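The next block holds one structure in the form of structure tokens; read it before the comments.
The values are calculated or read from the model by the stated rules, or taken from the named source; none is laboratory data. Quick caveat: nothing in here was measured; it's all calculated off a predicted structure. Cβ sites come from the backbone with ideal geometry, for glycine too, and all protein chains shown count toward neighbours. When the accessible area is computed, the model is the full protein with side chains, heavy atoms only, and any ligands, DNA or RNA have been set aside. Shrake-Rupley method; radii C 1.70, N 1.55, O 1.52, S 1.80 Å.
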Amino acid sequence: ISKEVIQILEYAKDSGAGKNTRLIINTNGTVINDSHMSYFESFGDCALYFSVDDVGDRFEYERWPAKWSKVSENLKWVNNTVEASKVIKKSLYISISAFNILHIQEILDVFTKEFGQLPINMDNIIYDPPILCLYNMPEVIKPYIKDYIRNIRWGEARFEFPFDYCNNIIQFIDTSVSPYSPAEYIVLMERQLKADDIRRSQDWKETFKDLYNLLLSHS
């Protein structure tokens, strides 16, 4: 999207400087095309990291105003060009938060089925905003979340590195004791999200029903 970035890429390609340059692009996947790929392939070392934390309606909530249909289409296109490029490394990055923690299996299933040539990384667990940080989720629901994490079919996904994401996430959840009861957590989520929900005509309680219902059942 940035004209300045495109100018830099054009210069690197036309001057030949890209051959001795390492390029790393972090992108949400909303905009990518053949023209971009031609720039990337002029670099001696290029990595494209697609930051996509969820799928479907949840993705559209977390990455508003991006549309999942468009990003999914772009990722499928990139997935199908993997073998065509020997220069560009491509991978998917999932940042873990309270929003997607109960849907990791679904996310991995979709990524593996639809973008199977793109290896997955899950080493980013968010701290901010604090209400979405896993260790701040109410203590009473943490055992349920940890059981869910343990039962994910980790071996079926294609990860970039042989990392123990299961125990890493569980250890992170136990890093700190949450100060919130489920009822307090719902109030804080509402306070955090209400203004955006009204502006966007969304409702976090509908989009993240599993989380909301889990909190309600323990309130």
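Considering each residue of the stretch 64-90, count those that are basic (Lys, Arg) and at pLDDT 95 or above, and give that number.
From the stretch 64-90, those basic (Lys, Arg) are 67, 70, 76, 86, 89-90; that's our starting set.
Adding the requirement that they be at pLDDT 95 or above leaves 67, 70.
Qualifying residue count for the region: 2.
Look at the stretch 105-125 and say how many of its residues are open to solvent by less than 20 Å² (accessible area, probe 1.4 Å) and polar (S, T, N, Q).
Step one: of the stretch 105-125, the residues open to solvent by less than 20 Å² (accessible area, probe 1.4 Å) are 107-108, 111, 115, 118-122, 125.
With polar (S, T, N, Q) added as a condition, the list becomes 121.
Matching residues across the stretch 105-125 total 1.
Which residue out of 49, 11 is assigned to a helix (DSSP H, G or I) and at pLDDT 90 or above? Working first, answer last.
On the way: 49 fails: assigned to a helix (DSSP H, G or I).
Sole residue among the options that is assigned to a helix (DSSP H, G or I) and at pLDDT 90 or above: 11.
Determine whether the stretch 64-80 contains at least one residue that is within 16 Å of residue 118 (Cα to Cα), in contact (Cβ under 8 Å) with a residue 40 or more places away in the chain, assigned to a loop (DSSP other than H, G, I, E, B) and open to solvent by 20 Å² or more (accessible area, probe 1.4 Å). Walk me through how you get there before you give the answer.
As a first pass, look at the stretch 64-80 and keep what is within 16 Å of residue 118 (Cα to Cα): 71-80.
Then drop every residue that is not in contact (Cβ under 8 Å) with a residue 40 or more places away in the chain, which leaves 71-72, 74-75, 77-78.
The next check asks that each one be assigned to a loop (DSSP other than H, G, I, E, B); those that pass are none.
Among the residues of the stretch 64-80, not one is within 16 Å of residue 118 (Cα to Cα), in contact (Cβ under 8 Å) with a residue 40 or more places away in the chain, assigned to a loop (DSSP other than H, G, I, E, B) and open to solvent by 20 Å² or more (accessible area, probe 1.4 Å), which makes the answer no.
So is residue 141 in a helix (DSSP H, G or I) and either open to solvent by less than 20 Å² (accessible area, probe 1.4 Å) or touching a Ser or Thr at 6+ places or on another chain (Cβ under 7 Å) (or both) or not? Before you say what the answer is, go through the steps one by one.
On the way: in a helix (DSSP H, G or I): yes; either open to solvent by less than 20 Å² (accessible area, probe 1.4 Å) or touching a Ser or Thr at 6+ places or on another chain (Cβ under 7 Å) (or both): yes.
Judged against the criteria, residue 141 is a match.
For the stretch 3-35, enumerate the residues that are within 22 Å of the chain's Cα centre (by Cα) and either open to solvent by 30 Å² or more (accessible area, probe 1.4 Å) or within 25 Å of residue 60 (Cβ to Cβ) (or both). Give the steps one after another, and end with the answer.
At the first step, the residues of the stretch 3-35 found to be within 22 Å of the chain's Cα centre (by Cα) are 23-33.
24, 25, 26, 27, 28, 29, 30, 31, 32, 33 - these are the residues of the stretch 3-35 that are within 22 Å of the chain's Cα centre (by Cα) and either open to solvent by 30 Å² or more (accessible area, probe 1.4 Å) or within 25 Å of residue 60 (Cβ to Cβ) (or both).
Could you tell me which of the residues 50, 43 is over 30 Å from residue 146 (Cβ atoms), open to solvent by less than 30 Å² (accessible area, probe 1.4 Å) and in contact with a Ser or Thr (Cβ under 7 Å, 6 or more places away or on another chain)? Let's see the steps before the verdict.
Details: 50 fails: over 30 Å from residue 146 (Cβ atoms).
Answer to the selection: 43.
Please go through the stretch 196-211 and pick out each residue that is assigned to a helix (DSSP H, G or I) and open to solvent by less than 70 Å² (accessible area, probe 1.4 Å). Talk me through it step by step, then tell me what you get.
Residues of the stretch 196-211 that are assigned to a helix (DSSP H, G or I), as a first pass: 196-200, 204-207, 209-211.
Result: 196, 197, 200, 204, 205, 207, 211.
Here is a list: 177, 187. Which entry is open to solvent by 70 Å² or more (accessible area, probe 1.4 Å), out of contact with any Pro (no Cβ under 8 Å at 6 or more places or on another chain), among the hydrophobic types (A, V, I, L, M, F, W, C) and assigned to a helix (DSSP H, G or I)? So that I can check it myself, show each step before the final result.
On the way: 177 fails: assigned to a helix (DSSP H, G or I).
Of 177, 187, the one residue that is open to solvent by 70 Å² or more (accessible area, probe 1.4 Å), out of contact with any Pro (no Cβ under 8 Å at 6 or more places or on another chain), among the hydrophobic types (A, V, I, L, M, F, W, C) and assigned to a helix (DSSP H, G or I) is 187.
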